[in-house]
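Trainee: Here you go, one structure.
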Amino acid sequence: KVDGNGTVFFDNWYFGPAGASAPDMPVAVAAAPDAPQGDVLSLFSDTYTRAAAFDGVDFNPNWGQATVSTIETIAGEEVLKYADLNYQGTTWTTPADVSSYDVFRMNVWTADSTELRVFLINSGAVTGGDPVEVPYSLDTSVKGEWVSVEIPMSAFAGVDLTQVDQIKVDGNGTVFFDNWYFGPAGASAPDM
């Protein structure tokens, strides 16, 4: 009931759960990285040109995964989206030499993931036997905003960094990624 004189305006009346709900996808893109193009080996980014080392890249190889992998456009830029993540691979034609780089960088956004790992892989085609893959666990405690991740290449000890031909992500939830590249440590724009 509204009593009184004058004009009153109302907006956004609705019934729903208590509290504000967090968005389930980003509305803005991650901050652009600031390392010079010549200092990075870019796999996925609107900031950098994809390196020739990643010719023939496939962001959704058929590995029997349940993950729904898509490339989405947010604020005019492309991002990778892994919905209902269990695991997801990325492959390319010829093994890449990433041994001269300090870190593997990426931006990550999630509203609901509680477990997330990134693997660099030497496939069986490289090793001539069993694949070699080493995981790195990401902190998923920040929800609903882009987080800049810098993984030291030393975290992938055991992988022949001169012949990396696959990346795998495993975990849960829905996760968005941007700016996958190998580069120098510490060169990045701040988180958004």
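Trainee: Let me check against my output: what whole-number percent is the relative contact order of the stretch 39-84, with C-alpha pairs under 8 Å and at least 6 apart?
Mentor: Relative contact order for the stretch 39-84 comes out at 27 percent.
Trainee: Note down, for the stretch 12-138, the three equivalent ellipsoid semi-axes (square root of 5 times each alpha carbon gyration tensor eigenvalue), biggest first, whole angstrom. Numbers along the way, then the final one.
Mentor: Values: eigenvalues 194, 78, 36 Å².
For the stretch 12-138, the ellipsoid semi-axes come out as 31, 20, 13 Å.
Trainee: Also, I was wondering about something else. Put +1 on the Cβ of every Lys and Arg and -1 on every Asp and Glu Cβ in the chain; which of V126, L85, A31 then has its Cα farthest towards the positive end of the dipole?
Mentor: Towards the positive end, the residue furthest out is L85.
Trainee: How high is the relative contact order of the chain, in percent, with contacts defined as C-alpha pairs under 8 Å that are six or more residues apart?
Mentor: Rounded, it is 31 percent for the chain.
Trainee: Also: Pick from G56, G89, G128 the residue whose mean-square fluctuation is largest in a GNM of the chain, springs joining Cα atoms under 10 Å.
Mentor: G128
Trainee: Further question: With the full set of protein chains in place, find how many percent of the accessible area of the stretch 74-133 is carbon and sulfur; take the probe as 1.4 Å.
Mentor: Details: 980 of 2430 Å².
Here it works out to 40 percent.
Trainee: Per residue, how many Å² of accessible area does the stretch 105-154 show with a 1.4 Å probe?
Mentor: Working: 2220 Å² over 50 residues.
About 44 Å² of surface per residue is accessible.
Trainee: Take every DSSP beta bridge whose two residues both sit in the stretch 88-156, then give the antiparallel share in percent to the nearest 5.
Mentor: Given both bridge residues lie in the stretch 88-156, the antiparallel proportion sits at roughly 100 percent.
Trainee: Provide the per-residue ³J(HN,Hα) series for the stretch 174-182, in order, calculated from phi with Karplus coefficients 6.51, -1.76, 1.60 and θ = phi - 60°, each as a whole number of Hz, with x at glycine and proline positions.
Mentor: Result, rounded to whole Hz: 10, 10, 10, 10, 8, 6, 8, 7, 9.
The values are calculated or read from the model by the stated rules, or taken from the named source; none is laboratory data. This structure is a prediction, so every number in the text was calculated from the model and none was measured. Here Cβ is always computed from backbone atoms with ideal geometry, including for glycine, and neighbour counts include all displayed protein chains. Protein only, heavy atoms only, side chains kept; ligands, DNA and RNA dropped before computing areas. Shrake-Rupley method; radii C 1.70, N 1.55, O 1.52, S 1.80 Å.
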